[in-house]
Amino acid sequence: GTYFVPKDKNANTWMINNYKRTLSSIFVFEYKPDVQGNLIEVQENEAHKIAWKKNLTPYATLSNLSEKGFDPELIHTLISTDWLRQKFINNIYSLLDSHDYKGVVIDFEQVRPKDRNLLNQFIKELAQKLHPAGMEVMMAVPPKKGDQEPSYSAGYDYQTLGKYLDRLFLMTYDWHWPGGPSGPIAPIEKVKATLDYAVSVVDRKKLMLGIPQ
């Protein structure tokens, strides 16, 4: 699969025609929630319909990007209150149902370690809502080489998340970036350490390896 930024209908058709030779799915990028749990609409210009016709399975990508960048406080707000979490989950279901997406890719970045149990609960409840309808739940997670390594990524509980997710997408890239210190984007020894840990706690059939472009 690949993240897919929709354009106009003609551009979408052209891109999907090119992707279909090497992919089985696209992750339409990106839907965002507000603090009330409502989802901000994406002008995807029939990308999901075109994808289905080309035998590519479309998923909606949901991120926590805001004007502040990736916003951990937004996620804390949405998943820490029972009624708001349920509203948020119901809105995700409604989006997938109305747009004929196969499922959702959750891309919540910089989740705080203190929100670990809340994130587990959210993913469990989301899966319980979507799975009976035949919808899937995937999640992008930062690379880790142990449950608490690195400590700032301890909010992502691979083992528990892996029980409820259909796919766990390992973001095995961005160890270095433009404007930062020199070095490889995806150093092989760190990628391997992530994989070694991931397969020790998650069914390997559920794992997806992120590859930098």
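The values are calculated or read from the model by the stated rules, or taken from the named source; none is laboratory data. Note that this is a predicted model, so its numbers are computed, not measured. Heads up, the Cβs are rebuilt from the backbone with ideal geometry, glycines too, and the neighbour counts pull from every protein chain shown. In case anyone asks, the SASA skips ligands and DNA or RNA and just uses the protein heavy atoms, side chains included. Shrake-Rupley method; radii C 1.70, N 1.55, O 1.52, S 1.80 Å.
What you get for the range 67-184, charging only the Cβ of Lys and Arg (+1) and of Asp and Glu (-1), is a dipole of about 260 debye around the Cα centre. Among Glu189, Glu41, Glu136, determine the one that fluctuates most according to a GNM of the chain built with springs between C-alpha atoms less than 10 Å apart. Its mean-square fluctuation being the largest, the pick is Glu189.
Contact order, relative form, for the range 126-213: 33 percent (alpha carbon pairs under 8 Å, 6 or more residues apart, mean separation divided by residue count).
Close amide H partners of Leu207, meaning residues 5 or more places away or on another chain with modelled amide H under 5 Å apart, are Leu168.
Here, P(r) means the percent of Cα pairs in each 10 Å bin from 0 to the largest distance; for the range 91-210 it is 13, 42, 31, 13, 1. Annotation: the antiparallel percentage among DSSP beta bridges lying fully within the chain is about 15. Beta bridges assigned by DSSP with both partners in the range 136-213 are antiparallel in approximately 10 percent of cases. Taking only protein heavy atoms and a 1.4 Å probe, the accessible area of the range 130-213 is 56% carbon and sulfur. Were the residues from Asp100 through Asp196 laid out at 0.36 nm apart, the gain over their Cα-Cα distance would be 31.0 nm. Taking a ≥ b ≥ c as the square roots of the eigenvalues of the alpha carbon gyration tensor, the range 75-114 is oblate, as a/c is not under 1.5 and a/b does not beat b/c. Translational diffusion of the chain was estimated from the Stokes-Einstein equation, with Rh taken as the Kirkwood radius over Cα pairs; at 37 °C and 0.692 mPa s the coefficient is 184 µm²/s. Separation of the alpha carbons by more than 26 angstrom is noted, of Lys114/Lys144; Lys53/Lys124; Lys68/Lys206; Lys20/Lys87; Lys102/Lys205, for Lys53/Lys124; Lys68/Lys206; Lys20/Lys87. One Cα centroid belongs to the range 83-105, the other to the range 23-50; the line between them spans 11 Å.
A simple rule links phi to the HN-Hα coupling: the Karplus curve 6.51 cos²θ - 1.76 cosθ + 1.60 with θ = phi - 60°, which for the range 132-141 gives x, 8, x, 8, 10, 10, 10, 8, 8, 10 Hz, with x for Gly and Pro. Set against the 2.2 N^0.38 Å expectation for a compact globular protein, the range 44-146 has a Cα radius of gyration ratio of 1.13. The mean accessible area for residues of the range 57-213, using a 1.4 Å probe and ignoring ligands and nucleic acids, is 48 Å² per residue. Full extension of the chain between Thr2 and Trp175 yields a length gain of 60.3 nm, computed as 0.36 nm times the residue separation minus the alpha carbon distance. In the range 158-213, the inverse of the mean reciprocal separation of distinct Cα atoms equals 12.1 Å; this is its Kirkwood hydrodynamic radius.
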